[in-house]
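Inspection log for the structure reproduced underneath, given as structure tokens.
All of the numbers you see were taken from the coordinates with simple rules; none came from a lab. Fair warning: this is a prediction, and the values are worked out from it, not measured in the lab. Heads up, the Cβs are rebuilt from the backbone with ideal geometry, glycines too, and the neighbour counts pull from every protein chain shown.
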Amino acid sequence: MDTATVPVLREQLLERREKLQIARADVDENAELLRLLGEVDAALGRMDDGTYGLCDVCHDPIESDRLLADPLVRFCLGDLTPAQQTALQDDLDLAAHIQRGLLPESHFRVDGWEACFHYEAVGPVSGDYCDLIKGEDGSLYFVFGDVSGKGVAASMLMAHLHAMFHTLVSVGMPLKTMVERASRVFCESTLPTHFATLVCGRADTSGEVEICNAGHLPPLLIQKGDVKRIESNGLPVGIFCDETFSASKLHLEHGDTLFLYTDGLSETLDGDGAEYGMERLTNLVSQSHTHPPQGMVKACLADLSAFRAGTPKPDDLTMMAIRWNGHGHA
Ligand SMILES: [Zn+2]
């Protein structure tokens with residue numbers, strides 16, 4: 001457990017203790033409340049004697065994303081009883097199911113725009129965020145990002161971003177303001193150790209795209225085989241509450257495609273430890289520039305799988321292709 005996280009968890013435990021004590025004053029002798037209070041006190045006690053975050057059975061550190069999701073956890077994954085393991089698996093299955101429900105339609109078309117994506121968690125749930133939202137004025141908003149960390153804690157923050165952007169898009173504010181609001185809410189509601197790299201864009205009904213890249217890997221703009229990188233011009237969201245962002249504009253011609261991806265793609269390693277990298281990705285999307293979004297994503301997956309040749313997946317993997325077909329085109 002890193003040193004920045006323990007004080008935050010202590011703060012959470014103290015807050016929980018206070019709430020339990022207030023609740024206790026309202027009802028008399030509630031056994032469940034007393035039990036919870038006892039667990040919180042025991043966790044605070046373990047923080048004081050330096051044993052917090054260690055498994056009761058093997059004394060190895062407990063997985064930190066599990067502690068972030070529940071600061072009262074006392075056993076590492078290896079030391080759960082079979083009944084606890086089944087309950088945990090059921091929980092994760094349900095979380096994965098809920099997360100799939102937060103994804104947009106797999107083949108998304110709106111007013112001349114066509115989009116496809118691939119979303120794959122390295123574990124049961126992913127910390128990547130991939131979204132397509134239709135605006136009130138017919139424009140297409142795309143939001144794409146990667147929450148720091150992996151697993152359950154990261155997936156909870158992904159769901160948080162999802163809820164925020166669906167609300168912000170419906171209000172209809174400038175793109176840069178939208179990212180600034182999201183960053184502030186994210187910063188205020190998460191641990192200081194958590195942030196998210198994010199690309200947020202608005203594609204209008206004439207082929208114009210306004211785009212803001214907050215610390216994310218550069219999206220690629222593929223125009224007839226030429227590939228341009230849209231570099232980040234800001235920090236990731238959630239680092240400072242008063243961060244400001246800027247957006248830039250692009251104009252797409254018929255058949256031009258934007259390609260977005262997370263580091264699960266660019267940082268995949270082959271058997272010799274070499275990274276998949278930007279150059280190989282750039283060549284691949286350039287060669288598949290005539291493909292519709294679905295074909296481009298498929299070509300990328302096939303190339304990545306050939307490159308990996310069975311090495312373990314490094315991280316959650318998400319990619320998305322968005323093409324401007326224009327009006328009256330297929
Ligand atoms: Zn253990």
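Values for this structure:
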read-out: Angle in degrees between helix 277-287 and the longest Cα principal axis of the chain, rounded to the nearest 10; value: 40
read-out: Share of Cα-Cα pairs in the stretch 112-262 lying beyond 27 Å, as whole percent; value: 18
read-out: Crossing angle, helix 293-308 versus the chain [Cα axis fit, 0-90 degrees, rounded to tens]; value: 60
read-out: Nitroxide proxy distance, nm - points 7 Å out along Cα→Cβ at Lys134 and His59; value: 6.1
read-out: Theoretical gain in end-to-end length, Lys313 to Leu103 [0.36 nm per residue, Cα-Cα removed]; value: 73.5 nm
read-out: Table column - 3J(HN,Hα) (Hz), the stretch 47-52, Karplus curve with 6.51, -1.76, 1.60, x for Gly and Pro; value: 5, 5, 8, x, 9, 5
read-out: For the chain, size of Cβ-based charge dipole, Lys and Arg +1, Asp and Glu -1, in debye; value: 780
read-out: Protection proxy ranking of 17-24, 136-143 - average other beta-carbon atoms within 10 Å, highest first; value: 136-143, 17-24
read-out: C-alpha long axis of helix 151-171 to longest principal axis of the chain, angle in °; value: 60
read-out: Listed residue pairs exceeding 29 Å between alpha carbons, taken from Lys134/Lys249; Lys134/Lys224; Lys224/Lys249; Lys19/Lys134; Lys150/Lys224; value: Lys19/Lys134; Lys150/Lys224
read-out: Cα gyration tensor shape for the chain, rounded if a/c is under 1.5, else prolate or oblate; value: prolate
read-out: Protection-proxy order for peptides 48-59, 253-264, 144-155, each taking the mean of Cβ atoms within 10 Å per residue, highest first; value: 144-155, 253-264, 48-59
read-out: The chain - mean residue ellipticity at 222 nm from DSSP helices (-39,500 (n - 2.57) per run, n ≥ 4, rounded to 500); value: -13000 deg cm²/dmol
